[in-house]
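Written below as structure tokens is the structure these notes are about.
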Amino acid sequence: MEIQLDFLNWLDPDMSIKILMCLEDPSDIVRASCVSRQWRNFVIMNGLSKQLCLRMFPQLTRVDHVIESSCNMKKPVDVGSSKSMEWETSLREHRVYSFLARGFTSFAVRDCNRKGICASSTDNYPAESIHNTLEPRDRIDRRASYWSSKGQSNPQVPETLVYKLTGDLCAITEINIQPFQAYFQPGLPIYSAKSVRFQLGHKKSPVDPADDKFVWTYTSQEFPMAQENRLQTFKLPEPLLCIGGFLRIELLGRVQRQEMDGLFYICVSHVQVMGRSLSPAFNVEILEPSEGFVLKALSYTQTSLPEDEPRAIFNPYLERRATDLEIVNLLRVGAAVLEEIVAGEVDDEVEGDDDDDAVYEDDDEFDGEFDYI
């Protein structure tokens, strides 16, 4: 122990890289870069933070280059006399990938589902639209909340639901789906699918003339779905990085026929997409037609939303219903005030003139006049 040797000086670079890449915690790579100037240069020039991120999420091989926002970013630090473009690029990548690796492990795991985009079919729009699936409750104001497909005589006809996630960069671990149980129909039928499959991807360029507006870069295995009224968990084999922030759920096969018309339906009450959103710290820019992308670090101080922070759910149908309820409540208040005024005037007339009592002795006649008012 009296003789302390730096293995970087005694081993070839490849062996030194293998040793340092045994570190799994992103913070350990950063700590290693702080041991000495030599270690810092070695970690940065060999892109060890980037290699760690690629090991965690191979989808990052599509990164064309990284950029930092001009606001709140550190300027490259001079090391020795080297100011070459290669050093500046390596230093920038080290900062971006180090913070990205930290986000993969430290950002809160939460529901990353933000907005329903479209459904392959909807039976009764907007009352049964995809927007209802973002609401965890199956009843709102004594009204059922769910998405329903159109009826089909062929039970093999599939359906799809497309969602926008909370960020353009999300590490997804599992997707949870709850089929809808029609509590208002005889027998309480559950309109589940036979199985589900998931696709992750990004939106195409607005100038792209293709009919399909999305590019799906990942397709999962097929998961069987139970015909049960519960939030069912479909865990991905390994965490997947969604680049572009869009999810498509394929609902394959139908099991429940509606008694009223004899057709098969699929109905979903709630959808959760569990994972870590890297927004607003990171953003991406898709490069077409190569399908590569630019990784943008927007801030090194911003993190994902706290675990307990409420997340707004966009549901235009529920918003319209809430507005209608406000109007109804205002009318009810107005009617109550009018009732008090009329009742007060009646009491005054009754107390002021005993000869007019006969006018109000007939309850039916009075009720009729009051209902009209």
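The values are calculated or read from the model by the stated rules, or taken from the named source; none is laboratory data. Note that the coordinates shown come from a computational prediction; the quantities given were computed from them, not determined experimentally. Ideal geometry is used to build each Cβ from the backbone, glycine not excepted, and the neighbour counts take in all protein chains shown.
A few comments on the model shown:
- Qualifying residue in segment 178-190 (condition: touching a Phe, Trp or Tyr at 6+ places or on another chain (Cβ under 6 Å), under 21 Å from Gly116 (Cβ atoms) and among the small types (Gly, Ala, Ser)): no
- Residue list for segment 23-54, restricted to those being in contact with a Ser or Thr (Cβ under 8 Å, 6 or more places away or on another chain), at pLDDT 90 or above and assigned to a loop (DSSP other than H, G, I, E, B): Gly47
- Segment 190-249, residues that are of a type in the set (A, V, I, L, M, F, W, C) and part of a loop (DSSP other than H, G, I, E, B): Val207, Ala210, Met225, Ala226, Leu231
- Selection within segment 275-290: residues that are among the hydroxyl-bearing types (Ser, Thr, Tyr) and in a loop (DSSP other than H, G, I, E, B). The member of this set that is modelled with the highest pLDDT is Ser279.
- Of all residues in segment 114-127, those satisfying the criterion of being within 26 Å of Phe184 (Cβ to Cβ), of a type outside the set (Val, Ile, Thr) and touching a residue at least 24 places away in the same chain (Cβ under 8 Å) are Gly116, Ala119, Ser120, Ser121, Asp123, Asn124, Pro126, Ala127.
- Residues of segment 250-269 satisfying the condition of being in a strand (DSSP E or B) and either more than 22 Å from the chain's Cα centre (by Cα) or over 12 Å from Lys150 (Cα atoms) (or both): Glu250, Leu251, Leu252, Gly253, Arg254, Gln256, Arg257, Phe264, Tyr265, Val268, Ser269
- Residue in segment 64-72 that is hydroxyl-bearing (Ser, Thr, Tyr) and modelled with pLDDT under 85 present: yes
Here is a yes/no grid of residues against (1) buried (at least 22 other Cβ atoms within 10 Å of the Cβ); (2) in a loop (DSSP other than H, G, I, E, B):
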position	(1), (2)
Val96	yes, no
Thr105	no, no
Tyr125	no, yes
Arg137	no, yes
Gln156	no, yes
Lys164	no, no
Glu174	no, no
Ile177	yes, no
